[in-house]
There are 2 protein chains.
Amino acid sequence: MASPPSTLTTGHAVRLAARSKALTGPTAGLAPSYLQANLIVLPSQYAADFRLLCARNPVPCPLLAESSRPGAFRSLRSYVYPPDNTNAPSPSPRPLVLAKDIDLRTDAPAYRVFRDGHLVAPTDTDPTDITAAWHATDHVAFLIGCSFSFDAALHTAGLAPRHVAQNRNVPMYRAARTPLLPAGVFVGGVHVVSMRPYRASEIERVRAVTRRFGAAHGEPLAWGWGAVQALGIKDMQCPEWGDAPLTGGGSRVFGEGVEEDGEKYVPVFWGCGVTPQEAVVCANLSGTVMGHAPGCMVVLDVTDEEVFAVKGM
Amino acid sequence: MASPPSTLTTGHAVRLAARSKALTGPTAGLAPSYLQANLIVLPSQYAADFRLLCARNPVPCPLLAESSRPGAFRSLRSYVYPPDNTNAPSPSPRPLVLAKDIDLRTDAPAYRVFRDGHLVAPTDTDPTDITAAWHATDHVAFLIGCSFSFDAALHTAGLAPRHVAQNRNVPMYRAARTPLLPAGVFVGGVHVVSMRPYRASEIERVRAVTRRFGAAHGEPLAWGWGAVQALGIKDMQCPEWGDAPLTGGGSRVFGEGVEEDGEKYVPVFWGCGVTPQEAVVCANLSGTVMGHAPGCMVVLDVTDEEVFAVKGM
């Protein structure tokens, strides 16, 4: 895995580095303030149902854009509208142009490829490039919002997420009792949630800071120890994705009633961009399905400020 | 309660009849094919959070329109876009004009008024008119989609909902284990679901027929007897709203394993427009909150065909 060049300060620079294979690892921390996106590529027969899945479950599955037509990998149809400070969209806004000079087949640092529901890359394909696997007239790519945007805003507000300070990945859990609303072939999916611990007294501020990030999962979907069972999370110490949560002191025991520096923390849960990937895997689709490798996102040309009307990120 | 004049064949005619108090009862069956809407009126301080509640929970809370500005009762800002047969919205469509000559204070046949969380109408107010209670610069009205649209489509497809054939109200249940995604002050709400029984073999057709009715709750959110417990429904025989379900033969025993004419039916659940009303009541808002009386909807000028691209309704 190549280490990220320090010159990657824009989304375009990150994409070019991924395209040239100078960058093959995670994008966290690169091109600060540029919007990062999850990538899902489907055969066109599933596109309408996937679009509907996102429309019915916009919190875990915020759809930012898709291929401008089946097979298109260099042009996007954007669904991201400029923020409106009146908090009510104007009647006919134009969507933001999310990226120029983009190639969805090469511009994520690494990819995953599934055939008939089974992971085949990186075992039998170059994991940094899906040019060979891309169907010229049939594949449709979808870009989904990501919580990197609000992690920066929480930091700015003095509410830095603990996993960032610890240089770890955020813990993510399958919320087995929280089904997605079904859409066409996408039946039986559940929410995947990310977790950041906070003091109970901080939750209303945390909610307020993340609320405006609508295209990046927005405010939490649940919080408190009671939510663990209600959501259907199996074991807080063993997240299904990401790194296990540590206490502020670095202990593995993060749990109900545990005091850290004399304070009790509670888990706060957000919708997570792994949700639509899991829904796609659960649906057992036939044909070739692709996505970015975990953490290796597609970075766009628009900034958090342009999308969410937030400053000082 | 005045009986509905048979001349009420358009949304405008229904609104005029309600405005003149010739019509003070339910709108089911009136102005067939015209879009009917749930009404919620809030003090402006809650408008942004309510809009966000709808954006995060679009299946139970499909927001059709709102007052064009706080206090406005004669002009709407529409969020309903013309259907796109490519199944992907064009970049800058214009929303449909939902109604001309509308007065949201008089055009529902009957209303409910809450002050500081307590129902006061129809006890101390004229229930057919909220002109006196409407705040000239502060109230914001919201219109929410309704399942009457797809009931007609199911009938056309040979899948007439049983409650329609029995001339009863659809049974509606509190899905206590299916929380709404919170938004600002709206915390702790749950989905309210409507139920229509079908044979298991009919479910995929029922899903397909209702799928396109996105602004009217769309396809079911769950089905089968297993869903009763998963959703957190207390007692299928005792819906919290509407009429108790009867079997096809008119018996009260509709339950798992019960055969009707040699076939077993399963419950199919949809999101329900009572959801946002309940969320508002649960939030215990201060000030004057209003809505239509149950079944007494606001009928609009657009038809199902214009909104959902369906014919033969």
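Annotations for the structure displayed:
- Here B:VAL120 and A:ALA309 are evaluated by their C-beta separation; at R0 = 41 Å the FRET efficiency comes out at 0.60.
- Interchain or long-range residues, amide H under 5 Å from B:LEU221's placed H: B:PHE269, B:TRP270, B:GLY271
- Greater than 30 Å apart at Cα, pairs in A:LYS21/A:LYS100; A:LYS21/A:LYS234; A:LYS234/B:LYS234; B:LYS21/B:LYS234: A:LYS21/A:LYS234; B:LYS21/B:LYS234
- Förster radius 25 Å - calculated FRET efficiency between B:ALA132 and B:SER44 (Cβ-Cβ, nearest 0.05): 0.85
- For chain B, size of Cβ-based charge dipole, Lys and Arg +1, Asp and Glu -1, in debye: 340 debye
- Listing A:ASP301, A:ASP261 from fewest to most neighbouring C-beta atoms within 10 Å gives A:ASP261, A:ASP301.
- Largest GNM mean-square fluctuation across B:GLY158, B:GLY117, B:GLY29, computed for chain B with C-alpha springs under 10 Å, falls on B:GLY158.
- For B:GLY189, residues with placed amide H under 5 Å, excluding near neighbours: B:LEU180
- Across the alpha-carbon atoms of the protein assembly as shown, the computed radius of gyration and Dmax are 24.9, 77 angstrom.
- When chain A is treated as a GNM with alpha-carbon contacts under 10 Å, the residue of A:THR137, A:THR210, A:THR288 showing the greatest mean-square fluctuation is A:THR137.
- For B:ASP126, label point 7 Å along C-beta direction: distances to other copies, nm: 7.6
- Top of A:PRO26, A:PRO179, A:PRO93 by mean-square fluctuation, Gaussian network on chain A, Cα under 10 Å: A:PRO93
- Calculated mean residue ellipticity, 222 nm, chain B: -5000 deg cm²/dmol, from DSSP H runs (n ≥ 4) at -39500 (n - 2.57) each, averaged per residue and rounded to 500.
- Here B:ALA208 yields copy-to-copy label distances, from shortest upward, of 5.1 nm, the label point defined as 7 Å from Cα along Cα to C-beta.
- Net charge dipole, region A:148-274: roughly 300 debye, given to the nearest 20, about the Cα centre with Cβ charges of +1 for Lys and Arg and -1 for Asp and Glu.
- Likely footprinting exposure, A:LEU8, B:LEU53, fewest C-beta neighbours within 10 Å first: A:LEU8, B:LEU53
- Segment B:LYS234-B:LYS100, extension gain: residue separation times 0.36 nm, minus the distance between their alpha carbons: 44.0 nm
- Note on B:SER286 and B:ALA176: the model spin-label points, each 7 Å out from Cα along the C-beta direction, lie 3.1 nm apart.
- The peptide list B:266-275, A:165-174, A:234-243, B:100-109, put in order of mean Cβ contacts within 10 Å with the highest first, becomes B:266-275, B:100-109, A:165-174, A:234-243.
- Shape category assigned to region B:139-278 from the gyration tensor of Cα positions, a/c cut at 1.5: prolate
- Taking the label point 7 Å along Cα→Cβ, B:GLU263 and its counterparts in the other copies are spaced 6.0 nm apart, in ascending order.
- Here the protein assembly as shown is assigned +1 on the Cβ of each Lys and Arg and -1 on the Cβ of each Asp and Glu. Its dipole about the Cα centre then comes out at about 480 debye.
- Cα→Cβ-extended label distance, 7 Å offset, between B:ALA165 and B:TYR81, nm: 3.8 nm
- Per residue of B:208-215, other chain Cβ atoms within 10 Å of the residue Cβ number 1 on average.
- Partner shielding of A:175-187 amounts to 4, given as the average count of beta-carbon atoms from other chains within 10 Å of each residue beta-carbon.
- Taking the centroid of alpha carbons for each part, region A:32-74 and region B:197-234 are 25 Å apart.
- Solitary cysteines of chain B, where the nearest other Cys Cβ is not under 4.7 Å: B:CYS146, B:CYS238, B:CYS272, B:CYS282, B:CYS296
- Taking a ≥ b ≥ c as the square roots of the eigenvalues of the alpha carbon gyration tensor, region A:200-313 is oblate, as a/c is not under 1.5 and a/b does not beat b/c.
Read-outs: derived from the displayed coordinates by stated rules, not from any lab. These figures come from a predicted structure and were not determined experimentally. Glycine also receives a Cβ, built like all others from the backbone with ideal geometry; neighbour counts cover every protein chain displayed.
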